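> Got a structure for you, questions after.
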Amino acid sequence: MTRPATHIIRLLKWGRTLARYGALRGIEADANTPPPVRRLMRLARLGTFQPKVPDYASAFRAIGPAAIKLGQSLATRPDLVGEEAAQNLLSLQDNLPPVDFADIRAVIESSFGQPLEHLFSAIDEYPVGAASIAQVHRAVTADGRDVAVKVMRPGIREKFARDLQTYHWAAAHLEAMGSEAARLRPRMTIANFERWTNRELDLRREAASASELTESMKAIEGYEIPAVDWDRTNGRVMTIEWVDGVKISDRQALIDAGHDLTALAQRLVLAFLTQAISGGFFHADMHQGNLFVKADGTIVAIDFGIMGRIDRQARAWLAEILYGLTTGNYQRVAEIHFEAQYVPSYHSVGEFATALRAVGEPMRGKPVKELSVGQMLDGLFAITRDFDMQTQPHLLLLQKTMVMVEGIATQLNPEINMWDTAAPYVRAWIRDELGPESLVADRLKEDTDTLLRIPALIRRIEDKFPPRGGAPDQAPLPDVPLMWDRREGSRPGITSYVVAALLGAGAVAGALQLGWIG
């Protein structure tokens, strides 16, 4: 087990890097920062020169691969790191210098147990992209297909495991300080971060996520997932079909290619809503570098290391919350928060509805194009402290993705409004999934499932209480109290003493007669 001194040294080293980019200033100035943490930050920044404007993204990039991923995770936690830091971390791009191709070749050959030439007839030695966990090379398979080969960096799993130990240690001590630190649940944040990175550190799981998303989106026109080459995929190498297209961030190139940007923006928003609300499984890393547009206008997504999942009940609550906020039904939105136990029951539903109104009403009076999903969700975070709301990691990941999608859609079409685009879809989903017909269908399914479980329940009862055999029951026997039985707490009577004395005298007399005594 790593010693506490080792964790502290690592934290101080990382703290000095953060200080050089001014990334400690906001946390140190926050009144909710526990005093021990503030003292540690002052020690870390001792002797450093801090810029006037903090650059959180560059600070995390300078620390290393695990910190880059942690920074991307913290971009979903404006309640934890502050709005300014969260916005800056959204720009954190996962780009690092590439690993030498000889090391990449060694990873491929050792993981498959065969020479590289048996798998690929050609492979570009210089990668098309190099990130903190893996890098991607263009290649041609032995049967002539163009593919993208994603290869894990050597030793990356060990580096992440070491840094995660310190993250867990720091989060546990921070949460143990109580108060605001405990409400923000830093240990849960790190636990979720570890789950996300574990998925990214096993490329088979990323390939499986791509396959699952393909199945859930196969009925959606104009949105595509590259096919996985399972014969050339394992835990350290993933091979998918090559995508020829324009990056969705290159607006001018899209215009030059004749694409309808308004239609692209709307298709992107609806594709995200389909994943998140209808399917409950969504691409949670939809930044501009992971989306391409093919010549026919199809949007293609890549990089499935970070995926979000929401169960059906949470999706129903989410849809009602979004629709209630757009229509001004704050009472219903408040009730949903209490039904979902996002707000502790000792608070007032009415007071919470009033707080929601304070967030929503200032936006309702503005022109439609000025409304923003990101601004509204940020406003909701602002009232969580007053109502002792613990953070919900799955919703935070969804919020980050919604902000990303909104940003890309706005770049494609500055006049688009997420509410205008999303409201008809959400309204239709609520009608289909939460309407009377759906409620009746759900009740019929639930009751049918219950009826179908009755035979199995009866069999379990019979196993517990088997039937009697062929022999008749015996008649009950009368109770006969035994003289040596004592009731608990009772004292022996005179008869007991007399019997004991007689038995003792008889035993002594017999022993004298047989010559055993004297």
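The values are calculated or read from the model by the stated rules, or taken from the named source; none is laboratory data. Quantities reported herein were computed from a predicted structural model and do not represent experimental measurements. Glycine gets a Cβ as well: all are built from the backbone with ideal geometry, and neighbour counts include every protein chain shown. Accessible surface areas use protein heavy atoms only, side chains included; no ligands, DNA or RNA. Shrake-Rupley method; radii C 1.70, N 1.55, O 1.52, S 1.80 Å.
> Within region 10-35, how many residues are more than 29 Å from the chain's Cα centre (by Cα) and either under 17 Å from TRP169 (Cβ atoms) or without any contact (Cβ under 8 Å) to a residue 12 or more places away in the chain (or both)?
Total meeting the criteria: 2.
> Report, by residue number, each residue of region 1-35 that is open to solvent by 30 Å² or more (accessible area, probe 1.4 Å), more than 14 Å from ILE63 (Cα to Cα) and among the hydroxyl-bearing types (Ser, Thr, Tyr).
Residues satisfying the conditions are THR2, THR6.
> Tell me, which residue of region 99-108 that is of a type outside the set (Val, Ile, Thr) and surrounded by 13 or more Cβ atoms within 10 Å (Cβ to Cβ) is nearest to GLU406 (Cα to Cα)?
Here the residue is PHE101.
> What are the residues in region 246-283 that are free of Cβ contacts under 8 Å to residues at least 60 places away in the same chain, over 25 Å from TYR425 (Cα atoms) and either buried (at least 22 other Cβ atoms within 10 Å of the Cβ) or among the basic types (Lys, Arg) (or both), if any?
LYS247 - this is the single residue of region 246-283 that is free of Cβ contacts under 8 Å to residues at least 60 places away in the same chain, over 25 Å from TYR425 (Cα atoms) and either buried (at least 22 other Cβ atoms within 10 Å of the Cβ) or among the basic types (Lys, Arg) (or both).
> While we're here: Residue under question is GLU221, and the condition is that it be without any contact (Cβ under 8 Å) to a residue 40 or more places away in the chain and charged (D, E, K, R); does it hold?
yes
> Could you tell me whether VAL140 is of a type outside the set (Phe, Trp, Tyr) and farther than 30 Å from GLN399 by Cα?
yes
> Would you check if TYR342 is closer than 22 Å to GLY280 by Cα and in a helix (DSSP H, G or I)?
Here the answer is no, as TYR342 does not meet what is asked.
> Give the number of residues within region 59-98 that are open to solvent by 10 Å² or more (accessible area, probe 1.4 Å), within 16 Å of ASN192 (Cβ to Cβ) and modelled with pLDDT of 80 or more.
Count: 2.
> Go through region 289-305 and give me each residue that's crowded, with 22+ Cβ neighbours inside 10 Å, more than 16 Å from GLU212 (Cβ to Cβ) and out of contact with any Gly (no Cβ under 8 Å at 6 or more places or on another chain).
Correct list: LEU291 only.
> What single numbered condition from (1) touching a residue at least 12 places away in the same chain (Cβ under 8 Å); (2) open to solvent by 60 Å² or more (accessible area, probe 1.4 Å); (3) part of a helix (DSSP H, G or I); (4) among the basic types (Lys, Arg) fails to hold for LYS52?
Answer for LYS52: the failing condition is (3).
> Kindly evaluate VAL368 against the criterion of being open to solvent by 20 Å² or more (accessible area, probe 1.4 Å), of a type outside the set (Asp, Glu), modelled with pLDDT under 75 and in contact with an Asp or Glu (Cβ under 7 Å, 6 or more places away or on another chain).
Criteria met by VAL368.
> How do the pairs read when you match residues in region 154-179 that are among the hydrophobic types (A, V, I, L, M, F, W, C) with residues anywhere that are part of a loop (DSSP other than H, G, I, E, B), using Cβ under 6 Å and keeping only pairs 6 or more apart or on different chains?
Short answer, once both residue conditions are applied: ILE156/ILE133; MET177/PRO34.
> Given the options GLU200, GLU206, name the one that is among the acidic types (Asp, Glu) and at pLDDT below 90.
After applying the criteria, what remains is GLU200.
> Looking at (1) over 28 Å from ALA227 (Cβ atoms); (2) buried (at least 16 other Cβ atoms within 10 Å of the Cβ), which is the only condition MET286 fails?
Status for MET286: all satisfied but (1).
> Working carefully through the options GLU158, GLU175, GLU180, find the one that is outside any strand (DSSP E or B) and modelled with pLDDT of 85 or more.
GLU158
> Something else: Taking region 109-141 only, how many residues are of a type outside the set (S, T, N, Q) and free of Cβ contacts under 8 Å to residues at least 24 places away in the same chain?
Matching residues across region 109-141 total 10.
> Then there is this: Suppose we filter SER121, SER132, SER111 for residues that are surrounded by 13 or more Cβ atoms within 10 Å (Cβ to Cβ) and in a strand (DSSP E or B); which single one remains?
SER121 is the lone residue from the list that is surrounded by 13 or more Cβ atoms within 10 Å (Cβ to Cβ) and in a strand (DSSP E or B).
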